[in-house]
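Written out below as structure tokens is the structure these notes cover.
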Amino acid sequence: MKAQTDPSRGAAAPLSLDQAPAASPAPGFADAVRAGLARPQKIIPARFFYDRAGSELFERITELPEYYPTRTEAALLAAHAPDAARAAAGVRTVVEFGSGSSAKTPLLLDAVRPRTYVPVDISAEFLAVSAAALAERHPGLEVVPVAADFAAPFALPPLKGPVMGFFPGSTLGNFAHGAAVDLLRLFARALGGEAGGGDAWLLIGLDRRKAVDVLERAYDDAAGVTAAFNLNLLARVNRELGGTVPLEAFRHRARWNERYGRVEMHLEATRDVSFDAAGRSWRMTAGETIHTENSYKYSEAGARVLALASGWVPVAEWTDADGLFALHLWRADGGAMEP
Ligand code: AVI
């Protein structure tokens, strides 16, 4: 059986999401599904998108014509990493949060030329491969990988300052505003830029607010890759949690929520459906959805407020000619704003 994609929407590569063999459950997945499906508005947290199949689908998303963030940010980095390096002169250590394949990192390292690069990622597999590749590409650079979930308090090795944090990809957009503030404060602490501390910078990519049709197309592409990425969550429930979710009874939905300033992704039941998952039985009525992701978008003013509420001072912002995406350079306020 194939995952459901709208046949009128162009040819995605064959997707056989529910044919993969059973796999052992990721830590916390069963509890998250049990709690999430019991809520009035059902949810499955977006962090569970990224098993191997989901990570591969996400890589394909980043190359889609409709998904402008990745290529726009890469062009901004190529053009403005030298400006960021000049503004934050003397940076000795770059720490990348959620480094993944470190695809954009060379653009920054070439400009900043730090002595040490610290990639932080939950996937030890990604870290080993990308750390080795970067060390080879940048002879003399000390690469100190840290396997950790950057969204939870974690320990970094002692850092030689000034330090620059690097958080590309608009990953912050997947955090609700309160959680985004907490995370940015955590970064300030981890980089030594908290009250009275060292000199810390953050170079962060944030997707901008824009026309609703552009946003919704970016999250509901014609080839159906984002639909497959979303539906893979249910396939993963089947693989890892003994689920019997009929994938053909669900469709991908992406919609802009103006009140919250975010694109929401949902999985909508196309008929009344019942299934087992994580040791329980569940029912959904036609039209009911499981909310799987929020992707918050920031105006220039919104990004400034976010920075200032999180212990950072905006220093520079670079955007493309169409104003699709922005690269921000912030400096830790070090408590200087308190009288
Ligand atoms: C990883 N994150 C920044 C992506 C985004 O744009 O919110 C995840 C994504 N979901 C669907 N397409 C891309």
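The values are calculated or read from the model by the stated rules, or taken from the named source; none is laboratory data. The structure displayed is predicted, hence computed values, not measured ones. Cβ atoms come from the backbone with ideal geometry, glycine included; neighbour counts cover every protein chain shown. SASA here: full protein model, heavy atoms, side chains in, ligands and nucleic acids out. Shrake-Rupley method; radii C 1.70, N 1.55, O 1.52, S 1.80 Å.
Accessible surface ranking for H291, H266, H177, 1.4 angstrom probe, highest first: H177, H291, H266.
Report the Cα centroid-to-centroid distance between the stretch 117-167 and the stretch 246-307 in angstrom, as an integer. About 32 Å separates the Cα centre of the stretch 117-167 from the one of the stretch 246-307.
I'd like the FRET efficiency for L308 and E136, computed as 1/(1 + (r/R0)^6) with the beta carbon distance as r and R0 of 35 Å, rounded to 0.05. Walk me through the numbers before you get to the answer.
Values: r = 40 Å, r/R0 = 1.14.
Rounded to the nearest 0.05, the efficiency is 0.30.
Couplings 3J(HN,Hα) of the stretch 283-297, computed from phi: 10, 9, 9, 3, x, 5, 10, 10, 7, 10, 7, 10, 10, 6, 10 Hz, in residue order, whole Hz [Karplus 6.51 cos²θ - 1.76 cosθ + 1.60, θ = phi - 60°; x for Gly and Pro].
When N is the residue count of the chain, what does its C-alpha Rg come to as a fraction of 2.2 N^0.38 Å? Walk me through the numbers before you get to the answer.
Numbers: Rg = 20.6 Å, N = 339, 2.2 N^0.38 = 20.1 Å.
The value comes to 1.03.
What FRET efficiency would be calculated for the residue pair D213, E300, taking the C-beta separation as r and a Förster radius of 25 Å, to the nearest 0.05? The value I calculate is 0.70. Along the stretch 171-183 the Karplus relation, 6.51 cos²θ - 1.76 cosθ + 1.60 evaluated at θ = phi - 60°, assigns HN-Hα couplings of 4, 4, x, 8, 10, 4, 4, x, 5, 5, 4, 4, 5 Hz to successive residues, with x for each Gly and Pro. Model label points for R115 and A75, set 7 angstrom from Cα along the Cα-to-Cβ axis, are 3.8 nm apart. Once the Kirkwood radius over Cα pairs is known for the stretch 259-309, the Stokes-Einstein relation at 25 °C and 0.890 mPa s delivers a diffusion coefficient of 179 µm²/s.
Cα gyration tensor of the stretch 68-189, axes a ≥ b ≥ c as square roots of the eigenvalues: rounded (a/c below 1.5), prolate (a/b > b/c) or oblate? The partial results should precede the final answer.
Numbers: a/c = 1.31, a/b = 1.14, b/c = 1.14.
Here the stretch 68-189 falls in the rounded category.
Computed with the Debye formula from one identical point scatterer per Cα of the stretch 207-339, without solvent, the log10 of I(q)/I(0) at q = 0.13, 0.17, 0.19 Å⁻¹ comes to -0.71, -0.92, -1.03.
Counting lysine pairs in the chain that sit 8 or more residues apart in sequence, or on different chains, and whose Cα atoms lie under 27 Å apart gives 6. Segment R185..A103, full-extension length gain: 27.0 nm, with 0.36 nm per residue of separation and the alpha-carbon distance subtracted.
Scanning residues 5 or more positions from Y67 or on other chains, none has an amide H under 5 Å from its amide H, with H placed 1.01 Å from N in the peptide plane. Could you run the Debye sum over the Cα atoms of the stretch 164-261, one equal point scatterer each and no solvent, and tell me log10 of I(q)/I(0) at q = 0.18, 0.22, 0.25 Å⁻¹, two decimals? After summing over all Cα pairs, the log10 values are -0.98, -1.12, -1.24.
Estimated at 0.36 nm per residue, the fully extended path between T270 and S55 surpasses their Cα-Cα distance by 74.8 nm.
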